[in-house]
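Step one of this worksheet: look at the structure below.
No value in this document is a laboratory result; all are computed from the given coordinates. Just so it is clear, the structure is predicted and the values come from calculations on it, not from any experiment. Cβ atoms come from the backbone with ideal geometry, glycine included; neighbour counts cover every protein chain shown.
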Amino acid sequence: MTEAAKIEFRYDRMSNECVSMDDTSLVRKCQHGDSNAMEQLILKYQNRIYNVILKICADPDDAAELTQETFVKVIENIDKFQGKSRFYTWAFRIAVNLTLNYRQKNSKHEISSLDSQREYEETQTTQAMKEFLQDENSPDPVDVAQNKELCDLTIKALLQLDEPQKAVVVLRDIEGMNYAQIAEVLDIELGTVRSRLSRARGRLREILEAGCNDRRNEDRRIAE
Amino acid sequence: MTEEMKTEELLNSYIDGELSVRQRTEVKRMISNDPKLAVRLSELRKCKTLVGALPVAQAPSNIMENIKATLEKKNLIQEKAPVRISDYREVKTSRRIFAAAAMFSLTALLVVVINMLTPSQIGNKEGANQFASDIRLSGKLELQANDLSAVQSLISDAIENSGFPDYKNPQKDANRRIYTLYCSREGINKILTDLEGDWDQISSAKLFLDTENFGESVEIAAVTPSQISEIVNQKGADQSIKVARDISVINNLKNILIERGLPAFGSEINSGLFRVPKPVLVSRNYQSIQQDNGEKTIQLRIILSR
């Protein structure tokens, strides 16, 4: 099973209803005014789109509103969708654009982001993260997922990336898109995806490392 | 870009499975020769694992409801929006600009005529099977009439006579009647043909044709049934929008000239120099309508008011 297929399976299990019909048929039905088909498309993608938006904007209320807005735009423009790209990337493009624009316009998020950064720098990085980063063996994703501390710290570290970097990381590592799909969703060159993702992961690693070092220094001071 | 950055990108692409076989082999060789690179690769993998393992949150259960509510609200607002005064009324131009605009409109007219007279060439370029089923047109036709009930009755009859009894009853509010049609090109043409003889009872007719850019539409003032047919009968949505833009220029120019009191020129317009050919001239296009198998590819909202 490919990475993208695994992610799809993970979301399908969460859907209230298993949507078996392919997107092309559903979109075609929507274009002919079939509201059931539109509901199926919403059910199929609502969790995935909500998750991507949530990981970028970090506010569940904003994420819910932006998800709704995404689907409203999808419905309003479904007649103009000509199938030149996949519905999936087209819908995500709308979602990510809305989210990035929203983030750009709303300064309150910058404040909350700074707050979360401060909070992280002051108090965070636990033994669990230290052990995880120092462990020479390959980590088991299931173990990581079950470790709430690690997940919380990763979310906080992710929040410190700038928006474009956050978007590529989320689309790649959470949504499982390949580079070509990311380029299409963000309307950037493939080379830009590579470089942005590389810088983003490097920065993420730095943030996590810095937290560990701060903690180590603090432990040393206490011991002295 | 530094060597280090290049290596970093290569490692990231490696863990994401975005390298060719040759590149993968090269990365494997680099890792086996350089323990630092192997450590770096392991670090990047861990970052990827950490982010990928984040829990998946479930979207709120009321999303569907809220989407429906938003759409309903939006529709209401859109329907209550006041009719926009055409830009051309605010434009102040000299006679020289009129002359230039006249030249432009003649060119536009020429383009329309060429497009109509050479449908087969366009068809060859785009592929014969592309046009009918691919067309997606939506728009709004704003009509004003002094005798609202008489025109309402004409429209309802035209809709019913054309084989769409389901759409014949409009939504009503104090001063407006709203018909939402979802039908084939053939259906729209039938309705327009039926209405053409009574068009003089309509004091103002404006067509707003949606374009592919969200929220952008082409506005055609003083539109006639034959012009609407002309737009609808084009081979694809892009072509329809192009023709709509041409007609918009022509109609606006015609109105400007008449308003500016250029009777001689105006009369030439009325006598046919600027007249947009009717669909009956484009027989080959009309034949193409027969091939769309009645597929509902057009959504038109007719808003009638005083």
- Query: When the Cα centres of the range A:177-194 and the range B:13-50 are compared, how far apart do they sit, in Å?
  - Reply: 20
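Which FRET efficiency value, to the nearest 0.05, is calculated for A:ARG28 and B:ALA38 with the Förster distance at 45 angstrom and r the Cβ-Cβ distance? All intermediate terms of the calculation are to be shown ahead of the outcome.
Working: r = 50 Å, r/R0 = 1.11.
The computed FRET efficiency comes out at 0.35.
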- Task: Rounded to whole Hz and in sequence order, give me ³J(HN,Hα) for the range B:102-111 from the Karplus expression 6.51 cos²θ - 1.76 cosθ + 1.60, θ = phi - 60°, writing x for Gly and Pro.
- Result: 4, 4, 4, 5, 4, 4, 4, 4, 4, 4
- Task: Please list, or write none, the lysines whose alpha carbon is within less than 28 Å of the alpha carbon of A:LYS148, excluding same-chain residues fewer than 8 places away.
- Result: A:LYS6, A:LYS44, A:LYS55, A:LYS108, A:LYS130, A:LYS156, A:LYS166, B:LYS46, B:LYS48
- Cross-link partners of B:LYS74 among lysines (Cα-Cα below 17 Å; sequence separation of 8 or more within a chain): A:LYS73, B:LYS140
